[in-house]
Amino acid sequence: MPYVNDTNSDNALDALLRFGIAWSVVIFSFFFGMVALYCRTLQKCLELIKPENRRASPTSVWYMFLIPFNFIEDFCIVINLSHSIEKEARSNPKLAQLNDFGMVTGIGWSLAQVLSFIPTYLGQVAGIVGFMLVLVHWALIVKVNRLLTN
């Protein structure tokens, strides 16, 4: 099972059964709850950006829940959000201090998410890296939201 022992022979179903149904439900609920909070943060960011600077609708971030299409859609979401922030920064002095619009961390976590499905240690490392990158991206968007709200 990934992260627990040194075998690569277990599949995802084996791992879930080893954890047990109750713990699996808790883990999935926590995960999807965090994704919902992240989506809400992204949606708020797009709502705070002037409509003429948006590359996507604020509600489009919820496409992250369209599994398995989200593995492609996530790239579109972070690219559109990054371009929207960059365009807003050109006309909004509140964002003048930004030199990062989230493109690298957004693409990074999206790519790492896809690579995390490789059933080897590469996939396990990609999962950890992706988790760290999404936290960094999330923190940046929270900062942007704070700047736009003040």
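The values are calculated or read from the model by the stated rules, or taken from the named source; none is laboratory data. The structure presented is a predicted model; accordingly, all values stated were derived computationally and were not measured. Reconstructed Cβ throughout: ideal geometry from the backbone, glycine too, with neighbour counts over all protein chains shown. All accessible areas refer to the heavy atoms of the entire protein, side chains included, with ligands and DNA or RNA removed. Shrake-Rupley method; radii C 1.70, N 1.55, O 1.52, S 1.80 Å.
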Worksheet, complete the sentence: Longest the chain segment clear of chymotrypsin sites (Phe, Trp or Tyr not before Pro) sitting in DSSP loops (not H, G, I, E or B) with at most 16 other Cβ atoms within 10 Å runs 4-68
Practice prompt. Determine the share of the chain's accessible area contributed by carbon and sulfur atoms, expressed in whole percent, with a 1.4 angstrom probe.
Written response: 71
Fill in: Given [x] 10.4; [y] 14.2; [z] 9.2, the label whose value is mean projected area of the Cα convex hull in nm² derived from this model
[z]
Item to complete: Calculate, for K94 and F31, the FRET efficiency according to 1/(1 + (r/R0)^6) with r their C-beta to C-beta distance and R0 35 Å; round to the nearest 0.05.
Response: 0.60
Fill in: Förster radius 30 Å - calculated FRET efficiency between S24 and T149, Cβ distance, rounded to 0.05
0.20
Fill in: Accessible area in square angstrom per residue, the range 7-150, 1.4 angstrom probe
58
